[in-house]
1. Compute the distance in nm between two label points, each set 7 Å from the Cα along the Cα-to-Cβ direction, one at PHE203 and one at ASN119.
2. Once you sort the root eigenvalues of the Cα gyration tensor of the stretch 1-45 as a ≥ b ≥ c, which label holds: rounded (a/c under 1.5), prolate (a/b larger than b/c) or oblate (the other case)?
3. Find out how many positive minus negative residues lie around ALA127, taking Lys and Arg as positive, Asp and Glu as negative, among other residues whose Cβ is under 12 Å from that of ALA127.
4. By counting other Cβ atoms within 10 Å of each Cβ, how are VAL18, VAL116 ranked from fewest to most?
5. Using R₀ = 35 Å, calculate the FRET efficiency as 1/(1 + (r/R₀)^6) where r is the Cβ-Cβ separation of THR2 and LYS105; round to 0.05.
6. Please enumerate, by chain and number, the lysines with C-alpha under 26 Å from the C-alpha of LYS121, excluding those fewer than 8 residues away in the same chain.
7. Could you pull out every residue, at least 5 positions away or on a different chain, whose amide H is within less than 5 Å of the one on GLY164? Hs are placed 1.01 Å off N in the peptide plane, and Pro or chain starts have none.
8. Hey, in the GNM for the chain with a 10 angstrom Cα cutoff, which one of VAL15, VAL42, VAL100 fluctuates hardest?
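Read-outs throughout are calculated quantities, based only on the coordinates presented, and are distinct from any laboratory measurement. It should be emphasised that the depicted structure is a prediction, and the values quoted were computed from it without experimental measurement. Heads up, the Cβs are rebuilt from the backbone with ideal geometry, glycines too, and the neighbour counts pull from every protein chain shown.
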Amino acid sequence: MTELATHLELDRFGVLGVSGGGPYALACAFKIPRDQLSGCAVVSGSGPYHLTQEGMGRGERNMLSIARNMPWVFRFLLWLQLGRNVGRDAWWESSYAGLVAGAPKPDERVLSDPRVKENIKAKTVEAFRQGSKGLIHDFRLFSEHWGFELSEIPAETRVSLFHGELDRNVPVSIAKTVSEQIPHCEAHFFPDEGHMSLYMNRFEEIINSLRG
């Protein structure tokens, strides 16, 4: 990130991590000095597996455990469920319909937008265009110790956390535990927002938190 900022001739910048991007944003908050990092925002972000699993479903716990302890099994399961099917229209339509049906109302409204549907499909296809190694690497990083404790993020670094209380992807209990561990974290919880709707409906507020 700092090398990219240097290339772009940015003296200061903020980082924003959404969902699985949250851990990477927090790593930046831990590592990049305050005089270069204007702020860090985490939206619907996941937390350290070793710190808390509260509210996680059995399926998600098992998936992270397999990714950490049996990556070869995880690779096969990922290919079986996603990799071999991601480009098939019939499979995609069926899977997306299930995603919408299982979402809380705020996320259901977002996912019902045809533009959102096409965007998610394009990103999913692109994620597997060169195989599944990238996604496997992500899950292994998530399931292992991150290399730092949240409490070690410097107190002078501005960290803002945004989370919907209706989030079914990352339970709000995890976000609350994360916010309690980060020194001087500015946590914002929204009772009527889900995993995706939060970013869509609170975008301006989120971006404003990075200015400084």
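1. The two pseudo-label positions are separated by 0.6 nm.
2. prolate
3. Charge balance near ALA127 sits at +2.
4. Details: VAL18 18, VAL116 14.
Ascending number of Cβ neighbours within 10 Å: VAL116, VAL18.
5. 0.30
6. Candidates past the 8-residue exclusion: LYS105, LYS133.
7. SER44, PHE190
8. So, out of VAL15, VAL42, VAL100, the one fluctuating most is VAL100.
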